[in-house]
1. Could you pull out every one of the aspartates and glutamates with an alpha carbon less than 15 Å from that of Lys198, ignoring same-chain neighbours closer than 8 positions?
2. With every protein chain kept in place and ligands, DNA and RNA left out, what is the accessible area per residue of region 12-234? Probe 1.4 Å, answer in Å².
3. Collect residues whose amide H, placed 1.01 Å from N in the peptide plane, falls under 5 Å from the amide H of His152; neighbours closer than 5 in sequence don't count.
4. Output the antiparallel fraction of DSSP beta bridges having both residues in the chain, as a percent to the nearest 5.
5. From zero outward in steps of 5 Å, how is the percent of C-alpha pairs of the chain spread across the bins?
6. Roughly speaking, to the nearest percent, how much of region 12-234's 1.4 Å accessible area is carbon and sulfur?
7. Could you pull out the pairs from Lys10/Lys59; Lys29/Lys81; Lys58/Lys99 whose alpha carbons sit more than 26 Å apart here?
8. Which residues' amide hydrogens lie under 5 Å from the amide hydrogen of Asn43, considering only partners 5 or more residues apart or on another chain, with H built in the peptide plane?
Amino acid sequence: MIPTPHIELKDPSLIAKTVLMPGDPLRAKYIADNFLTHVVQINNVRNMWGFTGYFGKKKVTVMGSGMGMPSIGIYSYELFKFYGVENIIRIGSCGSYTKDLNLYDVVLVKDAYSESSYAKTMGVSSRKVLPSSKTLDNRILKAGAKLGYDIHVATVHSSDVFYRLKHEEFKEIHAKYGADAVEMESFALFANAKALNKKAACLLTVSDSLVTHEATSAQERQEAFTKMMEIALNSI
Ligand code: HPA
């Protein structure tokens, strides 16, 4: 089924076994421009840019996932199922549900809690909590330690809704499921990995706090994201 409906590439050998997925395709381009050599563009459909290049001697692909579970669900499924990808590491942003996580902290997701029907509808699991790959997590933690960066390991809430009317509900989710932060993609990524017997992990940078209402500027986010990109690239 190559090319797939959402990835135009005809030659799967141009995609690496490990893919880094930021939500924003511009960020995928930023990583390719600043960290990779011998870069080739592997997707342009819907401007969901993807690039394959080398980080040192390691071949790696970076591609945008878009925002939300349906979007990352489509791209990660096609990469895993049709392009021979074995590992996907999402690199994104999250909102903090606790005073213990500050702006710019780097979070490694060990479990994703979600009220989403994604895994159930797919037919892979009726659980509300899905785990990351511990093999990938261990590599990421080792890379972080080597670089001297702190990484907080946490359960996160994968939410379908960014603009909730009942804003304070996050306190219940934090208390009941132990979710320390919120983002919108991990649960679907982990469900696809489980469905296809592949590996997935997720590294996040705290971009805002639901507790203190602090937020970061676009420029500050870009700089903070560099840390997370370095960790992910060095974990490969
Ligand atoms: N909600 C959902 N996703 C997010 C947030 C948030 O507050 N911040 C960054 N990603």
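1. Glu78, Glu86, Asp137
2. On the way: 10230 Å² over 223 residues.
With all protein chains present, region 12-234 gives 46 Å² per residue.
3. Val106, Val107, Leu108
4. Details: 19 of 46 bridges.
Close to 40 percent.
5. Histogram of Cα-Cα distances, whole percents per bin: 1, 7, 15, 20, 21, 17, 11, 5, 2, 0.
6. On the way: 5320 of 10230 Å².
Carbon and sulfur atoms account for 52 percent of the accessible area of region 12-234.
7. On the way: Lys10/Lys59 18 Å; Lys29/Lys81 24 Å; Lys58/Lys99 38 Å.
Exceeds cut-off: Lys58/Lys99.
8. The list, which skips near neighbours in sequence, is Gly50.
The values are calculated or read from the model by the stated rules, or taken from the named source; none is laboratory data. Predicted model only: the values in this text are computed from it and were never measured. Glycine gets a Cβ as well: all are built from the backbone with ideal geometry, and neighbour counts include every protein chain shown. These accessible areas exclude ligands, DNA and RNA; they are computed on the full protein's heavy atoms, side chains included. Shrake-Rupley method; radii C 1.70, N 1.55, O 1.52, S 1.80 Å.
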